[in-house]
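The values are calculated or read from the model by the stated rules, or taken from the named source; none is laboratory data. All values derive from a computational prediction rather than experimental measurement. Here Cβ is always computed from backbone atoms with ideal geometry, including for glycine, and neighbour counts include all displayed protein chains.
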Amino acid sequence: MKLSALCLLGALAAGIMPAQAQKISETEVSRIISTLAADSMQGRMTYTPGIEKASLFIEDEFKKAGLQPLPGEKDFRQRFATSGRKVVSLDSAAAATDPKFLHNVAGMIKGSSKPDEYVIFSGHYDHIGIQKAVEEDSIANGADDDASGVTAVILLANYFKEHAPERSVIFVAFTAEEIGGFGSRYFSKQLDPAKIVAMFNIEMIGKESKFGRNSAFITGFERSDFGKILQENLKGSSFQFHPDPYPEQRLFYRSDNATLARLGVPAHTISTTQIDKDTLYHSVNDEVESLDMKNIADIIEAIAISSGTIVGGKDAPTRIAEEKKD
């Protein structure tokens with residue numbers, strides 16, 4: 001018996017199809033997260049050998065996915081420097097005080113009919129490194145925060161390589177989110193925000209949300225119709241995107257979507273974290289073993305399907321009100 005297109009969409013998004021029909025592999029989810037959150041990465045602290053090792057792994061995954069560097073870049077490293085709390089270009093680094101060098105990992109698929117319009121999928125690949133030991137474990141592995149999000153970015157790159165986009169799609173793993181959002185701050189200056197149609201920032205999707213399986217929430221849901229478009233594209237499925245249930249936590253401003261959102265881009269974070277009671281957050285116990293790989297695979301697949309009309313050039317979310325500088 002053949003499934004109707006609507007039933008197929010729903011089954012895919014709900015993660016209830018047979019293994020051969022599942023577009024996002026649970027095995028691949030586990031492989032990527034386990035690598036990024038391994039002890040050998042030493043917690044991926046900014047400016048350490050551990051985060052460099054993670055960077056090399058992500059670059060290799062982007063290469064295998066067939067991505068191309070961003071315009072003006074020679075490879076997948078988007079290089080810049082910091083001077084204190086300031087983010088500066090490499091050209092300005094020589095005049096900066098005590099510059100420290102960083103890089104995002106970014107690649108893209110050029111759109112077939114709207115190459116000058118951009119959709120971004122992002123997550124941050126840094127974490128908090130070595131912490132005070134708990135039962136002889138001092139490595140804050142950052143499996144959920146945010147190896148889970150970077151895993152989504154890598155697997156979405158593979159997905160859209162097989163489902164050619166109409167708009168250009170950028171896949172970026174940001175550095176230094178944990179210490180000031182330096183990576184996203186630099187990134188936001190490299191593109192005209194008016195050309196960015198939407199940003200899907202993915203942060204901590206490793207566990208069930210407070211709404212249960214087949215669900216996630218979107219920060220700043222009320223600021224654009226981004227969430228409504230995603231949910232419409234999942235019509236007939238059991239997957240639900242909800243507004244952020246933790247407004248008091250100000251999560252909209254605590255991840256890498258914030259910089260572009262302030263510039264008017266419909267830039268939102270998708271998450272499942274129960275931030276009000278997650279005892280593993282920013283601890284040495286944020287380990288792979290605490291995550292639900294099947295649920296992660298289903299969420300990534302829901303993101304892939306729900307973004308279809310945006311990546312496909314049919315829908316453009318309403319813009320977020322720009323925040324004027326004083």
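Scanning for something touching a His at 6+ places or on another chain (Cβ under 9 Å) and either farther than 22 Å from Ala194 by Cβ or not aliphatic (A, V, I, L, M) (or both), does region 261-279 turn up at least one residue? Reasoning before the result, please.
Initially, region 261-279 is screened for residues touching a His at 6+ places or on another chain (Cβ under 9 Å), giving 261.
Then keep just the ones that are either farther than 22 Å from Ala194 by Cβ or not aliphatic (A, V, I, L, M) (or both); that gives none.
Looking for residues that are touching a His at 6+ places or on another chain (Cβ under 9 Å) and either farther than 22 Å from Ala194 by Cβ or not aliphatic (A, V, I, L, M) (or both), one finds none in region 261-279, hence no.
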Can you tell me which residues in region 62-80 are surrounded by 22 or more Cβ atoms within 10 Å (Cβ to Cβ) and over 17 Å from Tyr118 (Cβ atoms)?
Phe80
Check whether at least one residue in region 224-232 is out of contact with any helix residue (DSSP H, G or I) (no Cβ under 7 Å at 6 or more places or on another chain), free of Cβ contacts under 8 Å to residues at least 40 places away in the same chain and of a type in the set (S, T, N, Q), and report yes or no.
no
Is at least one residue of region 165-176 surrounded by 24 or more Cβ atoms within 10 Å (Cβ to Cβ), charged (D, E, K, R) and under 14 Å from the mean Cα position of the chain (by Cα)?
no
Filtering region 155-182 down to residues that are in contact (Cβ under 8 Å) with a residue 60 or more places away in the chain, aliphatic (A, V, I, L, M) and more than 19 Å from Ala267 (Cα to Cα) yields Leu155, Ile179
Check region 186-201 and report whether any residue there is assigned to a strand (DSSP E or B) and within 23 Å of Met293 (Cα to Cα).
yes
In region 209-244, which residues are touching an Asp or Glu at 6+ places or on another chain (Cβ under 9 Å) and not charged (D, E, K, R)?
Asn214, Ser215, Phe217, Ile218, Thr219, Gly220, Phe221, Ile229, Asn233, Phe239, Pro243
Could we say that Met41 is under 29 Å from Ser138 (Cα atoms), of a type outside the set (Phe, Trp, Tyr) and out of contact with any Lys or Arg (no Cβ under 9 Å at 6 or more places or on another chain) here?
no
Would you mind telling me which numbered condition in (1) assigned to a strand (DSSP E or B); (2) closer than 19 Å to Asp60 by Cα Glu117 fails?
(2)
Would you check if Arg77 is among the basic types (Lys, Arg) and either touching a strand residue (DSSP E or B) at 6+ places or on another chain (Cβ under 6 Å) or free of Cβ contacts under 8 Å to residues at least 40 places away in the same chain (or both)?
yes
For the condition among the hydroxyl-bearing types (Ser, Thr, Tyr), under 19 Å from Ala198 (Cβ atoms) and surrounded by 24 or more Cβ atoms within 10 Å (Cβ to Cβ), what is the one hit in Ser184, Ser148?
Ser184
With the requirement that a residue be farther than 19 Å from His127 by Cβ, surrounded by 20 or more Cβ atoms within 10 Å (Cβ to Cβ) and among the charged types (D, E, K, R), what does region 276-299 give you?
Asp298
What residue, of Ile51, Ile109, is β-branched (Val, Ile, Thr), closer than 30 Å to Asn285 by Cα and modelled with pLDDT of 90 or more?
Ile51
Check region 188-197 and report whether any residue there is buried (at least 24 other Cβ atoms within 10 Å of the Cβ), within 16 Å of the chain's Cα centre (by Cα), polar (S, T, N, Q) and modelled with pLDDT of 95 or more.
no
Restricting region 109-130 to residues that are closer than 24 Å to Ser271 by Cβ and surrounded by fewer than 24 Cβ atoms within 10 Å (Cβ to Cβ), which is nearest to the chain's Cα centre (by Cα)?
Tyr118
Restricting the first residue to region 308-323 and requiring it to be in contact (Cβ under 8 Å) with a residue 24 or more places away in the chain, which pairs with a second residue that is part of a loop (DSSP other than H, G, I, E, B) and hydroxyl-bearing (Ser, Thr, Tyr) meet a Cβ separation below 9 Å and a spacing of at least six or different chains?
Gly313/Ser112; Gly313/Ser113; Pro317/Ser224; Thr318/Ser224; Arg319/Ser224; Ile320/Ser224
Condition met for Gly181 (on the phi > 0 side of the Ramachandran plot, at pLDDT 95 or above and not acidic (Asp, Glu)):
yes
